[in-house]
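What follows is a single structure, written as C-alpha cells, with notes after it.
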Amino acid sequence: MSFALGVILALAAAFTWALSSVLSKVSMRRVSPFTLNSLRLFIASAFYIPLIIYLDLFPDKGLFWWIIVILSGIIGFLVADWLFLEGINIIGVSRANLLVTPHPILTMVLAHYFLDRPLNASIAFGAILIVLAVIILLSEGKDSSDISLRGVGLVIVAELMWTLAVLITDWLVSDESAVLITGLRIASGALGTTFLLPRISQEVKKLKMRDLGLIFVITLLGTILGQYFFVKSISIVSSSVATPVTESTPIMAALMAIIFLKERFTKKLGISLVLATLGILLIGLGC
C-alpha cells in the first residue's frame, strides 16, 4: 500500500508540474522568467514557513546540515527553475520538457552508486530510448528554428542542477518531514533572490491583478503541491522510483502545450514523445 501511495503521489506531482509549465508560458507573456520564479518562491515560502512553525518541525541540526539544505534550495529552486523557465520561453513547453527526460537516468545512476539505489537492465534500456528521443528532438534544429542552442543549453544546465538537488533531497528526507525539507529548500531559494528585489518590484508594479492571480495558481500547483507530493513520494519509495514516475511530466506538458498553446506538432516531436513514453514505462517497471 505504501509503495502504491508513493507512486500516486509522484504521478500527482507530475500532473501539477505539467500544468504549471503550460501556465508559466502564458504568464511569461507579461513577466520575465526570473521575476516569475522569484514570486513563486516568495509566495510558497509565505505558505511553508508559518506551517513549519505551527507544526513545530524545526530540527536541532548542526551547521553542515543547514548549509546543505540552503545550497540544495538555491541550486534546485532559484537557479535551476529560473534557467528552465528561460528555456521554456525560448523553445516552448513541449520541447523544453522533453529535453529534461534524461534527468531520471542521471539521477538513478548517481543514486545507485552513491545511495545504493536499484539499477537494472530494464532501467538501462528505458534510458537508451529516452536518450534516443532527445537526439531525435534535437535534430529538429537542422531543419527548423524551433530548437535554439541557447534554449537547449539553459534546459540542460537546469537538468543537471535538478539532479544534484534531488540526490541531496533524497539524503535529507531519510529521517525528516517532507513539509520541513520542502519548505526550507523553497525558502532558501527565495532568500537568494532578495539581492534583486528592486528589479523584481519594478516588474510587479506593472502587473494586473489577473497576472498576479495566475502566478498564485502556478505557485500553488507547481511549487507548493507539486513539490510536497514529490518530496513525500521520495520519502516513501526513494528518488530512484519517484523520479522516473514524475518524468511523465514532459509527456503531459507536451500534450497540454500542443492542445492549449497551439505549439507546433511535428513528426519528430511525435516520435520523441512515443520513445520517451516507452522509456519511462520501462524505467518504471525496472524499479
Residue under evaluation F47, criteria (1) under 18 Å from the mean Cα position of the chain (by Cα); (2) modelled with pLDDT of 90 or more, criterion not met: (1)
Pairs, first on the phi > 0 side of the Ramachandran plot in region 272-283, second acidic (D, E) and part of a helix (DSSP H, G or I), C-beta under 8 Å, six or more apart: none
Matching residues, region 2-31, being of a type in the set (G, A, S) and in contact with a helix residue (DSSP H, G or I) (Cβ under 7 Å, 6 or more places away or on another chain): S2, G6, A10, A12, A13, A14, A18, S20, S21, S24, S27
Output for region 74-119, where each listed residue is polar (S, T, N, Q) and modelled with pLDDT of 85 or more: N89
Filter result for the condition that a residue is surrounded by 18 or more Cβ atoms within 10 Å (Cβ to Cβ), within 17 Å of I251 (Cα to Cα) and out of contact with any strand residue (DSSP E or B) (no Cβ under 7 Å at 6 or more places or on another chain), over F15, F34: F15
Test result for A178, closer than 22 Å to T249 by Cβ and among the small types (G, A, S): yes
The one condition in (1) closer than 26 Å to A46 by Cα; (2) in contact (Cβ under 8 Å) with a residue 12 or more places away in the chain that V245 fails to fulfil: (1)
Lone unmet requirement of (1) more than 21 Å from the chain's Cα centre (by Cα); (2) over 25 Å from V245 (Cα atoms); (3) at pLDDT 75 or above for I128: (2)
Failed condition for Y54, given (1) modelled with pLDDT under 95; (2) within 22 Å of the chain's Cα centre (by Cα): (2)
Residues being in a helix (DSSP H, G or I), surrounded by fewer than 24 Cβ atoms within 10 Å (Cβ to Cβ) and within 16 Å of the chain's Cα centre (by Cα) - total across region 242-270: 2
Scope region 250-270; condition charged (D, E, K, R) and without any contact (Cβ under 8 Å) to a residue 60 or more places away in the chain; matching residues: K262, K267
For L281: the one exception among (1) modelled with pLDDT under 80; (2) in contact with a helix residue (DSSP H, G or I) (Cβ under 6 Å, 6 or more places away or on another chain): (2)
Count of residues meeting criterion [small (G, A, S), more than 30 Å from Y113 (Cβ to Cβ) and crowded, with 20+ Cβ neighbours inside 10 Å] in region 155-205: 2
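The values are calculated or read from the model by the stated rules, or taken from the named source; none is laboratory data. Bear in mind that the values here come from a model prediction, so they are computed numbers and not experimental data. Neighbour counts run over all protein chains shown; Cβ positions are idealised from the backbone, glycine included.
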